[in-house]
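What follows is a single structure, written as structure tokens, with notes after it.
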């Protein structure tokens, strides 16, 4: 009897355990583990870490790790929720209502609410603060707290791409900053946000340490720490990577990428960026006012050869201001093929001839010389300029380089006295096609204080239409038309979209979401070491 009772109890226990066993069998296997440190090497010395004030250096990258914005751009270039779990847009497209997540806390345990959001945006547009983002928010009429978890932005006029401007603005804690001078306060070197990592220390050697936020609303990051180490030069960063002193380096040299791309100890990435090199023309210059001259320059520049000689073949030929993955890119716009004979024929039609057989064309006693402005702080500008000077001299155009090493030098007096006719530079792109308006929409050119203003009434009207058109296909048609008109106008000599090179130790996993065109830094929260590395104790 006792034996039968024992067997019965065993059977009953097994029956009770079956659901539990099945449950554990359904748990997916993973090599992810919590722990480890990422050492990030940089030669860009950190500056203050303040979302309203900083736009450059490694500090701008750290913003996304320490703070959160209302919305953010993901690895596919799309807008997605962040602090705002959802939002509504009024029927007249003037009122944006953001519904905030409840329970999101700053690193000092205070809850983040709509009052913090309003405080941040008020500081953003405060003329006394003079934020570099201030001009981008001139459309904003009012920032309004509806309740603790509801925030509104009221615009002066509709703007479909306005939502993208919010992705650059991370939210700061009102309770820590409302009574201090935002430009000069302890917060700028000891930031407190809501992000996946908390600030821990900043040494006199410019080494910054972040530690994981256990209270992060999306769950704690896998890594325990991120340490940023600053080095004097890119060569020093490279040496540190080779020594195993750092794990992650952005913007390595192309030659170094060639070494690492086949090394199993690293993962190396060659990523195109949505910015482009171009020579923009002074529309008021008497020589360049002749469209035949501008067209001849386009024919004379061998872009494929330029990319090969300057960038080792890494680059994407540009035929306008829109990157091929952009909504505004028009696949029907074909770049001019290199043809020096056509270039020479156009110059002859314009009346330019080599009268004294010195290789330089002349007209009415004047040599065909163009003064091109270049920033001497950039080696890439110098290399591009040298190649283009050689190519244009082959068709009889003399290029004289006008050098500068700081934007403060570019006064009207400087440009006028030196008769600057063109500017070789890197033009910034953007996730939304409207971001190109800063260079090609006359009102934006004036507002952004560009060297000179590009004027085209038809293009201006199209930009204005694109800002109020909600239908994606119709917006695409508008910006593709802008693409076509800008390239046909030969208002610039478009060159190429460059490629940046990055490297990270192969022991880190979950990194591919970061190495995209968007490069969303917040995705570093998903970087992790494998379970085996954590278990073996081989991580830092």
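The values are calculated or read from the model by the stated rules, or taken from the named source; none is laboratory data. As the structure is a prediction and not an experimental result, all values here were calculated from the model. As a convention, Cβ positions derive from the backbone with ideal geometry for all residues, glycine included, and neighbour counts pool all protein chains shown.
Here are some notes:
- Test for residue 487: is it within 22 Å of residue 278 (Cα to Cα) and in a helix (DSSP H, G or I): yes
- Filter result for residue 106 (out of contact with any strand residue (DSSP E or B) (no Cβ under 8 Å at 6 or more places or on another chain) and buried (at least 21 other Cβ atoms within 10 Å of the Cβ)): yes
- Selection over segment 392-420 of residues that are surrounded by fewer than 18 Cβ atoms within 10 Å (Cβ to Cβ) and part of a helix (DSSP H, G or I) gives a count of 9.
- Just one of the listed residues (260, 241) is surrounded by 17 or more Cβ atoms within 10 Å (Cβ to Cβ), under 15 Å from residue 38 (Cα atoms) and in contact with a strand residue (DSSP E or B) (Cβ under 7 Å, 6 or more places away or on another chain), namely 241.
- Reported count of residues in segment 118-152, each being surrounded by 16 or more Cβ atoms within 10 Å (Cβ to Cβ), within 17 Å of residue 52 (Cα to Cα) and out of contact with any helix residue (DSSP H, G or I) (no Cβ under 7 Å at 6 or more places or on another chain), is 4.
- Among the residues of segment 201-235, those that are surrounded by 15 or more Cβ atoms within 10 Å (Cβ to Cβ), modelled with pLDDT of 95 or more and not in a loop (DSSP other than H, G, I, E, B) comprise 202, 208, 209, 210, 211, 212, 225, 226, 227, 228, 229, 230.
- Only listed residue being assigned to a loop (DSSP other than H, G, I, E, B), in the same structural domain as residue 372 (by TED's automatic domain parsing) and over 31 Å from the mean Cα position of the chain (by Cα), chosen from 320, 351, 328, 313: 351
- Residue within segment 363-375 that is out of contact with any strand residue (DSSP E or B) (no Cβ under 7 Å at 6 or more places or on another chain), assigned by TED's automatic domain parsing to the domain that holds residue 452, more than 28 Å from residue 433 (Cα to Cα) and in a loop (DSSP other than H, G, I, E, B) present: yes
- Annotation: residue 433 fulfils all but one of (1) closer than 29 Å to residue 337 by Cβ; (2) surrounded by fewer than 20 Cβ atoms within 10 Å (Cβ to Cβ); (3) in contact with a helix residue (DSSP H, G or I) (Cβ under 8 Å, 6 or more places away or on another chain); the unmet one is (2).
- Flag if residue 170 is surrounded by fewer than 19 Cβ atoms within 10 Å (Cβ to Cβ) and at pLDDT 95 or above: no
- Check on residue 179, farther than 21 Å from residue 65 by Cα, more than 27 Å from the chain's Cα centre (by Cα) and surrounded by fewer than 16 Cβ atoms within 10 Å (Cβ to Cβ): yes
- Flag for residue 423 being in the same structural domain as residue 290 (by TED's automatic domain parsing), crowded, with 18+ Cβ neighbours inside 10 Å, over 18 Å from the mean Cα position of the chain (by Cα) and in a strand (DSSP E or B): yes
- For segment 265-277, a residue qualifies if it is surrounded by 17 or more Cβ atoms within 10 Å (Cβ to Cβ) and more than 18 Å from the chain's Cα centre (by Cα), and the qualifying residues are 266, 267, 268.
- Taken as a whole, the condition of being closer than 16 Å to residue 108 by Cβ, in contact with a strand residue (DSSP E or B) (Cβ under 8 Å, 6 or more places away or on another chain), at pLDDT 95 or above and in a loop (DSSP other than H, G, I, E, B) applies to residue 192.
- Search result, residues across segment 349-362 that are surrounded by 11 or more Cβ atoms within 10 Å (Cβ to Cβ), in contact with a strand residue (DSSP E or B) (Cβ under 8 Å, 6 or more places away or on another chain) and without any contact (Cβ under 8 Å) to a residue 24 or more places away in the chain: 351, 353, 355, 362
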